[in-house]
Structures are given as structure tokens and as C-alpha cells.
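**Q** Attaching a single structure in C-alpha cells format; questions to follow.
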Amino acid sequence: VLYQQIRTARPRQRLKNFAVFAPITFAGLLLEPKNFELAVRAFVVFCALSSATYFMNDIVDADKDKLHPIKKNRPIPSGKLSKKLAVIASILLVTIGLFYAYKQVGSYFTAICMLYLVMQICYSFYFRHIIILDSLIVAAGFIIRVFAGGVASYSSVSSWLLLTTIGLSLLLAFGKRRSEKTILAQHQVSQDQAETRATLRHYPD
């Protein structure tokens with residue numbers, strides 16, 4: 001069960017959370033012990049919160065993922081991890097993450113983390129079904145990480161860094177949709193599989 005929980009938490013996706021180090025890196029504060037320590041704490045918090053959102057997404061998408069040629073092998077849709085345990089894990093990660101954020105980083109950083117969670121919840125239940133907006137929300141996740149890293153480590157976020165982050169995040173978000181569409185086209189054997197993410201039908205080939 002622990003292995004299935006780790007799989008659902010998507011450890012490899014935690015690379016995205018290194019975005020919190022961008023502000024101190026470009027502000028020349030990466031080697032300052034206090035700033036670096038605060039950025040590390042922010043990284044830990046976002047690892048917990050992002051993993052919690054993966055549990056939530058997989059719970060919401062379980063039925064549709066069963067129709068997907070690849071996602072059907074994930075722990076929840078495959079039945080290797082129960083939804084009940086996934087809910088408990090998600091709640092624990094959110095609780096621990098926010099508590100740690102408030103105690104070890106600060107209230108402003110915690111507020112940004114809560115905004116991130118609200119955005120992810122709205123994405124899971126609503127925005128993911130709206131073309132373009134679904135990708136914009138994914139991109140916004142990277143931007144929030146950068147801002148959160150700046151707030152946590154007392155580093156300024158320059159306009160250059162902000163514009164670069166927006167550009168790269170949009171590229172990654174729309175690239176992800178393109179990749180999903182390609183995978184479905186290669187593996188699709190029935191019309192049902194096309195419904196695993198309805199918005200993909202509206203993206204160009």
C-alpha cells in the first residue's frame with residue numbers, strides 16, 4: 001500500500017517545485033544561508049501540497065482514467081489503492097503542509113499556498129473541462145510557485161523573471177496537452193477512450 005501511495009504522490013513531478021528557488025537564484029541570494037533555508041522549507045511545503053493534489057486528481061478522474069491506455073495503470077483507477085486511503089493521504093498532506101508553512105515560513109507564504117490549493121481544487125472539478133483555461137491554470141501553478149518562493153525567501157521577483165516564467169509555463173502546459181492528444185491517438189481503440197479528457201478534442205492536431 002505504501003508503494004502505491006508513493007506512486008500516486010508522483011515523486012518525479014516534484015522537479016516542478018524547484019521553481020521556488022528561482023527568485024533567490026536570480027536575486028543573487030542562493031548562497032545566503034537564511035534565504036536558502038527558507039527556500040528549502042518552501043520547497044518541502046509545495047512537495048506536500050502538490051502530492052496532495054495528485055491524490056485528489058486521481059480520485060476525481062478514477063472512472064475516466066480506467067478508459068485511458070496508460071492512466072488506467074495508476075494505483076487508484078487500477079484498484080491497487082482505495083479511494084478512502086487516497087482521501088486520508090491527501091488530507092494529511094494538506095494539513096501537515098499548511099501547518100509547516102505557517103510555523104516554519106510565514107503567514108503570507110501560507111496564504112499563497114492556500115490560494116494554490118483552491119486553484120487546484122477548482123481545476124480538478126471545473127476548469128479542466130474548459131479549453132485553454134485548463135492549460136492556463138496549469139501554467140499558473142508554476143507562476144504561483146515562483147511568487148511563493150520569493151515571499152518565503154524575502155527575494156524580489158523581477159519583471160524579467162515573471163515574463164520568463166509565464167512563457168515557459170505556457171509552453172509546458174500546452175505541450176502537455178499536445179502530448180496527451182498524441183498518446184490517445186496512438187493507443188485509442190474505441191470512442192470511449194476519447195472521452196478521458198473531453199477538452200483534448202478541441203485542441204488542434
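**Q** Quick check: is even one residue across the stretch 63-81 under 20 Å from the mean Cα position of the chain (by Cα) and closer than 25 Å to Val146 by Cα?
**A** no
**Q** So, Leu117, is that one modelled with pLDDT of 90 or more and among the aliphatic types (A, V, I, L, M) or not?
**A** yes
**Q** Only residues in the stretch 65-78 that are at negative phi count as the first member; pair them with residues that are in a loop (DSSP other than H, G, I, E, B) and open to solvent by 80 Å² or more (accessible area, probe 1.4 Å), Cβ under 6 angstrom, at least 6 apart or cross-chain, and list the lot.
**A** Every condition considered, the pairs that remain are Lys72/Lys66; Pro77/Lys66.
**Q** What number of residues within the stretch 25-47 are over 20 Å from Gly141 (Cα atoms) and open to solvent by 40 Å² or more (accessible area, probe 1.4 Å)?
**A** 10
The values are calculated or read from the model by the stated rules, or taken from the named source; none is laboratory data. Small disclaimer: the values here were computed from a predicted structure and weren't measured. Positions of Cβ are generated from backbone atoms using ideal geometry, with glycine treated the same way; all protein chains shown enter the neighbour counts. Ligands, DNA and RNA are stripped out before the accessible areas are found, and what is left, the full protein with its side chains, is counted by its heavy atoms. Shrake-Rupley method; radii C 1.70, N 1.55, O 1.52, S 1.80 Å.
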